[in-house]
1. Name the single residue, out of those in region 114-131 being at pLDDT 95 or above and either farther than 24 Å from residue 11 by Cα or within 14 Å of the chain's Cα centre (by Cα) (or both), that is surrounded by the fewest Cβ atoms within 10 Å (Cβ to Cβ).
2. crowded, with 16+ Cβ neighbours inside 10 Å, under 27 Å from residue 1 (Cα atoms), within 16 Å of the ligand (Cβ to nearest atom) and in contact (Cβ under 8 Å) with a residue 24 or more places away in the chain - does that describe any residue in region 49-57?
3. Hey, does region 97-110 have a residue that's within 16 Å of residue 54 (Cα to Cα), exposed (fewer than 14 other Cβ atoms within 10 Å of the Cβ) and at pLDDT 95 or above?
4. Looking at region 1-24, which of the residues that are buried (at least 17 other Cβ atoms within 10 Å of the Cβ) and free of Cβ contacts under 8 Å to residues at least 40 places away in the same chain is farthest from the ligand (Cβ to nearest atom)?
5. Assess whether residue 63 counts as being at pLDDT below 95, more than 16 Å from the ligand (Cβ to nearest atom) and more than 18 Å from the chain's Cα centre (by Cα).
6. Could you list, in sequence order, the residues of region 25-48 that are farther than 13 Å from residue 123 by Cα, within 16 Å of the ligand (Cβ to nearest atom) and touching a strand residue (DSSP E or B) at 6+ places or on another chain (Cβ under 9 Å)?
7. What's the number of the condition residue 9 fails, among (1) within 22 Å of residue 79 (Cβ to Cβ); (2) modelled with pLDDT of 90 or more?
8. Of everything in region 86-103, what is free of Cβ contacts under 8 Å to residues at least 12 places away in the same chain and closer than 23 Å to residue 125 by Cβ? Give them in sequence order.
Ligand SMILES: [Zn+2]
């Protein structure tokens with residue numbers, strides 16, 4: 001399976017460490033990597049096991065999360081590893097433009113813009129769907 005490797009700084013082939021784990025190992029450098037990587041245009045990187053897209057409620061109501069979705073849309077935010085309540089690893093500001101959304105086999109890359117930044121979201125579908 002293909003995953004973004006934080007050490008190689010590129011998309012490389014990975015193998016699973018064992019059954020029923022989200023830990024994957026880069027075939028090239030042997031680093032363990034998470035199935036989800038979000039890279040901000042300033043170089044900031046965030047890693048996770050799950051991701052969702054947050055739909056926001058009306059702004060008059062304080063812009064609280066309304067619903068979580070599997071697919072991106074303009075106005076949604078990306079949330080990495082959402083937990084119960086309002087805990088998460090990372091939350092972007094709302095998407096203003098989806099530049100590209102490419103799936104090749106079990107690897108998906110979504111490039112999108114927010115008001116102030118550009119992001120690339122790398123997803124290993126194979127691993128995120130396994131429980
Ligand atoms: Zn590597």
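1. Taking region 114-131 first, the residues at pLDDT 95 or above are 114, 117-123.
Add one more test, that the residue is either farther than 24 Å from residue 11 by Cα or within 14 Å of the chain's Cα centre (by Cα) (or both), and what stays is 118-123.
Numbers: 118: 15, 119: 20, 120: 17, 121: 22, 122: 21, 123: 22.
Ranking the qualifying residues of region 114-131, first place goes to 118.
2. For region 49-57, residues crowded, with 16+ Cβ neighbours inside 10 Å, under 27 Å from residue 1 (Cα atoms), within 16 Å of the ligand (Cβ to nearest atom) and in contact (Cβ under 8 Å) with a residue 24 or more places away in the chain: absent.
3. First, the residues of region 97-110 that are within 16 Å of residue 54 (Cα to Cα): 97-98, 110.
Those left that are additionally exposed (fewer than 14 other Cβ atoms within 10 Å of the Cβ): 97.
Of the ones still in play, those that are also at pLDDT 95 or above are 97.
Yes - at least one qualifying residue is present in region 97-110.
4. Filtering first and then ranking leaves 12.
5. Numbers: at pLDDT below 95: yes; more than 16 Å from the ligand (Cβ to nearest atom): yes; more than 18 Å from the chain's Cα centre (by Cα): yes.
So residue 63 passes the test.
6. Initially, region 25-48 is screened for residues farther than 13 Å from residue 123 by Cα, giving 25-32, 40-45.
This time we only want the ones that are within 16 Å of the ligand (Cβ to nearest atom), so: 25-32, 45.
25, 26, 27, 28, 29, 31, 32, 45 - these are the residues of region 25-48 that are farther than 13 Å from residue 123 by Cα, within 16 Å of the ligand (Cβ to nearest atom) and touching a strand residue (DSSP E or B) at 6+ places or on another chain (Cβ under 9 Å).
7. Failing condition for residue 9: (1).
8. The first filter runs over region 86-103 and keeps only residues free of Cβ contacts under 8 Å to residues at least 12 places away in the same chain, leaving 87-88, 100, 102.
Within region 86-103, 88, 100, 102 qualify.
The values are calculated or read from the model by the stated rules, or taken from the named source; none is laboratory data. Predicted, not measured: the structure shown is a model, and the values here were computed from it. No Cβ is skipped: glycine too gets one built from the backbone with ideal geometry, and neighbour counts run over all protein chains shown.
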